[in-house]
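The values are calculated or read from the model by the stated rules, or taken from the named source; none is laboratory data. In this text, all values refer to a predicted model and were calculated from it rather than measured experimentally. Positions of Cβ are backbone-derived with ideal geometry, glycine not excepted, and every protein chain shown enters the neighbour counts. Please note that ligands, DNA and RNA were not included when accessible areas were found on the heavy atoms of the full protein model with its side chains. Shrake-Rupley method; radii C 1.70, N 1.55, O 1.52, S 1.80 Å.
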Amino acid sequence: MSEQQQQMRPQDPIKYGDVFHVSGDLAQKPIAPEHAKKMQSAETHILGKTVPAGVAASMQSAATINQRDGLLGNRDVTYNPGVTATQTHLPGRRIITESVAGQVVGQYVEATSQEEEEEDESNKITIGEAMEGTAHTVGEKAVEESDAAAIQAAEVRATRNHVIKAGGGVGASAESAAAYNTQCKRDEDKIKMRDIVSDAKTKLGEDKVATGEDAVCVTGAELRNNNTLTPAGLSASIAAAANLNQTLNS
């Protein structure tokens, strides 16, 4: 090929493999402005800013050149690789991970203060709060054995004590209510869920942030005493709280 032909040959666009340590199809994909915009948004959402010389800034520089020099085709512009930024909280620090098409393109470790960690925890929902929430969702439901089993499991998870608190404890109260209701003839005379869980946090004495493991234990206890879960019942409430708490971690 002559020197003139080489000079006339179009420049190749800047690809992900030129900037980051990635492999497969992604390495051959050009970096487009829309990709950079999404990473900037994700980075700013977590860090509150765009990191100088970081992933988003590098993508923006490459995308600007590709667009300015007309190196992007229609397929390059419409290609959506999936751009994400997530954070993992550890004692005293958090790890921010940025990915494109499932491949990590950058990580940052940022120190966190005790005050920040305590604020994050204060925004999370506890098991006791989730239990009290069912007073609003299924408060009119008569307490059954499956409800009592779920409440007892929740009490064990919240207090970290495998012995059900007797006399006034939420689990013992639920068990007594379920036994009473089986003998009660009139529905209007039966003890309702709101009577048991409306002040669950006080009855528990101890409490903890709801997790996925807590949700599994409570759900298992309810299912062992009934083939189906109560819609919007205690199991659903704790599962929803655990999911929200997990979202606050990300």
Checklist line | Charge dipole (debye, nearest 20) of the chain; +1 at Cβ of Lys and Arg, -1 at Cβ of Asp and Glu | finding: 460 debye
Next item on the list: Express in Å², to the nearest 10, the accessible area of His89 obtained by rolling a 1.4 Å probe over the protein heavy atoms while all chains stay in place.
Entry: 60 Å²
Check: Taking only pairs that are 8 or more places apart or on different chains, how many Lys pairs in the chain have Cα atoms under 24 angstrom apart?
Finding: 25
Next item on the list: For helix 170-183, report the angle its Cα long axis makes with the longest principal axis of the Cα atoms of the chain; keep it between 0 and 90° and round to the nearest 10°.
Entry: 60 degrees
Checklist line | Sequence ranges 213-225, 48-60, ranked by mean other-Cβ count within 10 angstrom, highest first | finding: 213-225, 48-60
Notebook entry, point to check: Carbon and sulfur atoms: what percent of the 1.4 Å accessible area of region 140-219 do they account for?
Noted result: 51 percent
Next item on the list: Just name one of Ile164, Leu244, Ala42: the one whose Cα is farthest towards the positive end of the charge dipole of the chain (beta-carbon charges, Lys/Arg +1, Asp/Glu -1).
Entry: Ala42
Margin query: With angles folded into 0 to 90 degrees, how steeply does helix 145-159 sit against the dominant principal axis of the chain? Use alpha carbons for both and round to 10.
Written below: 60 degrees
Margin query: Rounding to the nearest 10 and keeping the result within 0 to 90°, find how far the Cα-based axis of helix 127-137 lies from the longest principal axis of the chain.
Written below: 70 degrees
Margin query: Highest mean first, how do 192-198, 103-109 rank when packing is the count of other Cβ atoms within 10 Å averaged over residues?
Written below: 192-198, 103-109
Check: Mind listing the phi-derived Karplus ³J(HN,Hα) values for region 52-68, rounded to whole Hz, using 6.51, -1.76 and 1.60 with θ = phi - 60°, and x for any glycine or proline?
Finding: x, 6, x, 4, 4, 5, 5, 5, 5, 4, 5, 5, 4, 5, 4, 6, 4
Notebook entry, point to check: Taking θ as phi - 60°, what are the ³J(HN,Hα) couplings along region 231-246 by the Karplus curve (6.51, -1.76, 1.60), each to the nearest whole Hz, with x for Gly and Pro?
Noted result: x, 6, x, 5, 4, 5, 5, 6, 5, 5, 5, 5, 5, 5, 4, 5
Notebook entry, point to check: Taking 0.36 nm per residue of separation and subtracting the Cα-Cα distance, what length does fully extending Lys49 through Ala179 add?
Noted result: 41.0 nm
Margin query: Give me the 1.4 Å probe accessible area per residue for the chain, excluding ligands and nucleic acids, in Å².
Written below: 57 Å²
Next item on the list: Restricting things to alpha carbons, find the Rg to Rh ratio for the chain using the Kirkwood radius for Rh.
Entry: 1.24
Check: Given H placed 1.01 Å from N in the peptide plane, which residues other than close sequence neighbours of Gly106 have an amide H under 5 Å from its amide H?
Finding: Glu98
Note to self: For region 126-192 and region 24-47, what is the centre-to-centre distance using only Cα atoms, to the nearest Å?
What the structure shows: 49 Å
